[in-house]
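See below for the structure under consideration.
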Amino acid sequence: MATLYTPFDVYSRKYQRVRMTRRNGILELCLHTNGGSLKWDPVVHEELGFCFNDVAHDPENKIVILTGAGEIFCTELDLAAFDIGARTWHAIH
């Protein structure tokens with residue numbers, strides 16, 4: 001019978017900024033940029049929503065631990081990568 005959710009072995013490999021491991025229903029999500037501390041950019045901004053959706057719909061996940069690689073959880077926000085002008089930023093902020 002087909003499942004209504006993406007299997008772990010598929011979704012655990014599809015995100016650039018999220019490394020996943022799971023044992024006995026305990027899922028660890030490690031946020032990173034190129035294996036080091038996370039640099040918040042458009043990639044992670046878009047990926048996390050889809051990632052959390054995959055994680056939430058998988059009944060094999062019982063506990064989720066969110067962590068980060070490197071010494072600092074998130075080192076910086078890469079505003080330039082978002083291509084947001086001053087007027088847009090002012091409207092958002």
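All of the numbers you see were taken from the coordinates with simple rules; none came from a lab. These numbers come from a predicted model, not from an experiment. Neighbour counts run over all protein chains shown; Cβ positions are idealised from the backbone, glycine included.
General observations
- Using a cutoff of 8 angstrom between alpha carbon atoms and counting only pairs six or more residues apart, the relative contact order for the chain works out to 32 percent.
- Gain on full stretching of the segment that runs from ALA80 to GLU60 - 0.36 nm per residue minus C-alpha separation: 3.4 nm
- Calculated log₁₀ intensity ratio I(q)/I(0) where the Debye formula runs over C-alpha points of the chain, q = 0.10 Å⁻¹: -0.33
- Couplings 3J(HN,Hα) for segment 6-17, derived from phi with the Karplus relation 6.51 cos²θ - 1.76 cosθ + 1.60 (θ = phi - 60°), are 6, x, 3, 5, 8, 6, 5, 10, 9, 10, 6, 10 Hz, where x marks Gly and Pro.
- Rounded FRET efficiency, nearest 0.05, which uses the C-beta distance separating PHE50 from ILE26 and R0 of 22 Å: 0.55
- Acute angle (nearest 10 degrees) that the helix 42-57 long axis makes with the longest principal axis of the chain, alpha-carbon atoms: 20 degrees
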